[in-house]
Amino acid sequence: MISSFIKTSKKNGISSLPKKHGLYIQLISIHGLMRAHNLELGRDADTGGQIKYVIELAIALGKHPDVERVDLLTRQVFSNKLDPIYAEPIEPLAPGVNIVRLACGPKRYLRKEVLWPHLDSFSDAALQHVKKIGRIPDLIHSHYADAGYVASSISSLLSAPMVHTGHSLGRVKRERLLEKGIRSRNIETQYALTQRIEAEEMALDNAAAIIASTKQEVEEQYELYDNYTPKRISVIPPGVDLTRFSPPSSHNKRTKIAATLARFLKDPDKPMVLSISRADPRKNIATLIKAFGENKRLREKANLVIVAGERDDIMTMEKTSRRVLQEMLFLIDYYDLHGSIAYPKKHRADDVPDLYRLAAKTKGVFINPALTEPFGLTLLEAAASGLPIIAPNDGGPRDILRHCKNGVVIDPLDSKKMSAQILKAISRPDVWQQWSVNGMAGVKQHYTWQGHVDSYIHMVKNKINKHQQATRTVVAKSKLATAERLLICDIDNTLIGDKAALSQLTSQFEKMDGKVAFGIATGRTIQSTLRELKKWDAPIPDVYITSVGSEIRYGMRLTEDLGWQQHNDYRWRPNEVYEAMREFSGLKLQHSGEQRRHKISFNVDPKKAPKIKEIRQFLRQRDIHVKLIYSHEAYLDILPIRTSKGTAVRHVAMKWGFPLDQVLVAGDSGNDEEMLSGNTLGVVVGNHSPELAKLRGRELIYFAEDEYAKGVLEGIKHYGFLNKNRAQ
Ligand code: GLC
Ligand code: MG
């Protein structure tokens, strides 16, 4: 990267370019390890293809004339076993493009399956980032389920459109594991698939567009989801970095990797049959060795080169890779392939382009014998290097071969035919030449990052236009604008219930000289809220979040937050909800005063009513996208997909500039859950209802012993929230 091109603005240390008024795009990719130089691809299961994809996308987007700024948000990791760069809050990636690392849960590296409980704090850190740089992104693009979860929440809070790329999908993975005979309980403990699938459904629900790499991904994978809407999915295949992957030329010097292979091969100039993959059973390396070993003519004519990840000591590797490598070594010995097979132990990232070129130079072929191949980036890299390809008859290869016409598909289970195909590919010089030329041309035409980004920007631009920033209401002289901290209380069973405790809370409050603003967040309507607060002689709120977060009002004049109303209109079609909900017994509409513009509420008979999960699925299958909130085992609220007390509290905090660690929220029941989670200071009162018990032990959620307002006071004391000199 040409870092001297990057100007650093003093305020926030972020590189920026003078390109004005262009798009600001936020990419989110949370797990794995990302840095600007020498990606550690293959270091573990989470640092692989997605990482490379996202980095290359970020760089390519930065080059587009309509794009001013790209922030790639990822998780910050502190570990003395890792490169300290992974702890740096900001790392320039290209002009106008930065990796931004946000704190999320524990400091150490975590695999993606255990990140779920920490994602709310990633969202909040992302909002703080937005506040710091003072600009709301024009587009938020999430990668993988975890980021989809985060983007669903922040895109709704920021009123920015969201785009999602799955990379791989939980429902597909679950099917594969079940097919293998793994028990569903074991699948759950190892892969946390329920959360992953739920997050994927959520992302599909919220995203204005989904980007897939192949047609098959749309037709066979996304199709498994309740929220499958094919017209929102665009197939835009990723690109190949053509500056790295290019055909051999006469100037290419003898490379390091050629020297490595020469240690294995008797005649290194024979056509090279090359395969590059991780040491994973699905990659089916054994069948390839059999195919080669069993075919005498092929053995005479060609060399086999197998790059199966990297290794130090096979004996100490984890079981699945160890088995794959052991089998590879046994087969080499069994067929006695010494002298005509190379299987290098190590290679550098820079050796990979050289490997393809070397294979092309010998008029060899690239083979991917994997059992399934949804995409197949290596096939494109080979094609860009002028090396013909052989690959399984599956979605990725089919698309690639349709576009490039540079090889053939095979049945990965049939070793006889596999060897015949390989032999054919290297035995006809004219066909070889045609495939080589076709591959290079096809990649240039269909699989460049520039082409990808052109389609991408074209597609997202009209989504962005539709989504112009919501109008912001400004309220004169509100305490909200000057206070340092914000206290938000639920009303029923939290603020009210114990009169003496409430008046104690009120008097504590009055001592704070306007340093702390006060708000309520309730399921009640605004009218009944005002009545109830008066009856209990509660402090007068600066902000009213009512009807389960669907309405926000400020100050004495009860000024409505119109931006919030607009935000709630997103995908809200109440008539369809009323219609669909007639299907269920055990649910009775609450009285008409409780039915609001953005809230539909039922009383629930838990004995007769279906499970919330079933209702959710039923609605999704009808393309109805809403939020369901169950409280006190008695109420069901249906809200617009982006609405809850939690998003409302965050909207208020963002708008008025309260960092979330200066916001204390107190509640007792299910509709309080979202506002209690994440980076706000949460307090659950002692008399809480059972549905909140699951929050016990979460970071920043304090379970008070005392009940009602006493519990709130206990929580305030716990956090030192009303201490005058509380550190900011
Ligand atoms: C309040 C509301 C009601 C809602 C319930 C749970 O009781 O009046 O409509 O269903 O809170 O959020
Ligand atoms: Mg309550």
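The values are calculated or read from the model by the stated rules, or taken from the named source; none is laboratory data. Note that the structure is a prediction, hence the values are computed from the model and not measured. Every residue, glycine as well, gets a Cβ built from its backbone with ideal geometry; the counts of neighbours run over all protein chains shown.
Key figures
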{"item": "Criterion: within 16 Å of ligand 1 (Cβ to nearest atom) and in contact with a Ser or Thr (Cβ under 6 Å, 6 or more places away or on another chain) - qualifying residue of Ser601, Ser550", "result": "Ser550"}
{"item": "All positions within the stretch 641-665 that are within 16 Å of ligand 1 (Cβ to nearest atom) and under 22 Å from the mean Cα position of the chain (by Cα)", "result": "Thr643, Ser644, Gly646, Thr647"}
{"item": "Residue match in the stretch 104-117 (condition: modelled with pLDDT of 90 or more and part of a strand (DSSP E or B))", "result": "no"}
{"item": "Selection count where residues are more than 12 Å from ligand 2 (Cβ to nearest atom), modelled with pLDDT of 95 or more and over 21 Å from Trp116 (Cβ atoms), scope the stretch 683-701", "result": "2"}
{"item": "All positions within the stretch 666-686 that are within 16 Å of ligand 1 (Cβ to nearest atom) and of a type in the set (S, T, N, Q)", "result": "Ser669, Asn671"}
{"item": "Verdict on Ile85 being among the β-branched types (Val, Ile, Thr) and within 28 Å of His347 (Cα to Cα)", "result": "yes"}
{"item": "Flag if Ser585 is within 14 Å of ligand 1 (Cβ to nearest atom), exposed (fewer than 15 other Cβ atoms within 10 Å of the Cβ) and not assigned by TED's automatic domain parsing to the domain that holds Ser677", "result": "no"}
{"item": "Hey, Ile140 outside any loop (DSSP other than H, G, I, E, B), at pLDDT 90 or above and more than 26 Å from Ile701 (Cβ to Cβ) or not", "result": "yes"}
{"item": "The stretch 305-319 - residue that is in contact with a Gly (Cβ under 9 Å, 6 or more places away or on another chain) and crowded, with 16+ Cβ neighbours inside 10 Å and, of those, nearest to Lys283 (Cα to Cα)", "result": "Gly309"}
{"item": "One residue from Ala279, Ala286 being closer than 19 Å to Lys180 by Cα and assigned to a loop (DSSP other than H, G, I, E, B)", "result": "Ala279"}
{"item": "Output for the stretch 393-407, where each listed residue is among the charged types (D, E, K, R) and either at pLDDT below 95 or not in a loop (DSSP other than H, G, I, E, B) (or both)", "result": "Asp394, Arg398, Asp399, Arg402"}
{"item": "Output for the stretch 250-267, where each listed residue is part of a loop (DSSP other than H, G, I, E, B) and either under 20 Å from Leu304 (Cβ atoms) or at pLDDT 90 or above (or both)", "result": "Thr255, Arg263, Phe264, Lys266, Asp267"}
{"item": "Qualifying residue in the stretch 225-243 (condition: of a type in the set (A, V, I, L, M), touching a Ser or Thr at 6+ places or on another chain (Cβ under 7 Å), modelled with pLDDT of 85 or more and in a loop (DSSP other than H, G, I, E, B))", "result": "yes"}
{"item": "Flag if Pro92 is touching a residue at least 60 places away in the same chain (Cβ under 8 Å) and crowded, with 17+ Cβ neighbours inside 10 Å", "result": "yes"}
